[in-house]
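Contents: one structure, followed by commentary.
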Amino acid sequence: MTMTNCIAKPLASAPVTTSRCCQREEVNMTEQSVTEVRFHWKRFVATPEAQAILLAVGFGYQTRLQLLQALPMFQQSRLQHGLQALLGADMVTISGQQLLLCDDIEVLQKLTSSPQPLTLPMAQVSLTWEDKVALLQRLGVQNPGRALSAISIAAKTVEVE
C-alpha cells in the first residue's frame, strides 16, 4: 500500500509504506505489543467470608439472621470480620436492618472472576492511577475510587504476532 500523505490508517497485518520527510521506509505491522490487564481482589476483600457475604447479599440474604442461616460454615466472629472489611471498603452499606451492595459490585465481580485477561491495544508497561480510573469508568464502574480501594489492577505488555 503506497501512501502519498503522511497520514493513513495502516492495516494490522499488512506491511505499510510511509513517507516521512520525503523518504520512504517499510514498516512491519505484523508484530504489535498489547497490554494484558488482570483484576484481583485485595487481600482484605478476598477472604472467604467476605466473598461469601457478597454472594449471599447478592442472592437476597440481607439481614443478620438471614446471613447466619445462609452461611453456617463460618463462625460469627469470621462473618463479623468479613463484614467489617466490606463496610470499610464501602462494598456494602447498612440501611436500617438490611445490607445493601454497592452499585459497582456486579462489574467488579465479573472483572475479578474472569479467567481471561482484558487485552488493551497499547504497549504500556504499567498503568498510572489516571489510566486505571479511566479504564474502570469505561468498563462501567460508577465510583472508580471505591473500586480501586478493593481491587488491584496488574498490567503486562505482551508481544502479539
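The values are calculated or read from the model by the stated rules, or taken from the named source; none is laboratory data. A quick note: this is a predicted structure, and the numbers were derived from the prediction, not measured. No Cβ is skipped: glycine too gets one built from the backbone with ideal geometry, and neighbour counts run over all protein chains shown.
General observations
- Residues satisfying the stated conditions in the range 51-70, i.e. out of contact with any Phe, Trp or Tyr (no Cβ under 7 Å at 6 or more places or on another chain) and surrounded by 18 or more Cβ atoms within 10 Å (Cβ to Cβ): 53, 54, 56, 57, 61, 62
- From 11, 67, 55, residue being at pLDDT 90 or above and over 20 Å from the mean Cα position of the chain (by Cα): 67
- Residue 103 vs. criteria surrounded by fewer than 13 Cβ atoms within 10 Å (Cβ to Cβ) and of a type in the set (Asp, Glu): yes
- Where a residue in the range 129-155 is surrounded by 14 or more Cβ atoms within 10 Å (Cβ to Cβ) and its partner, wherever it lies, is among the small types (Gly, Ala, Ser), with Cβ under 7 Å and at least six apart: 136/147; 141/147; 149/89; 150/89; 155/126
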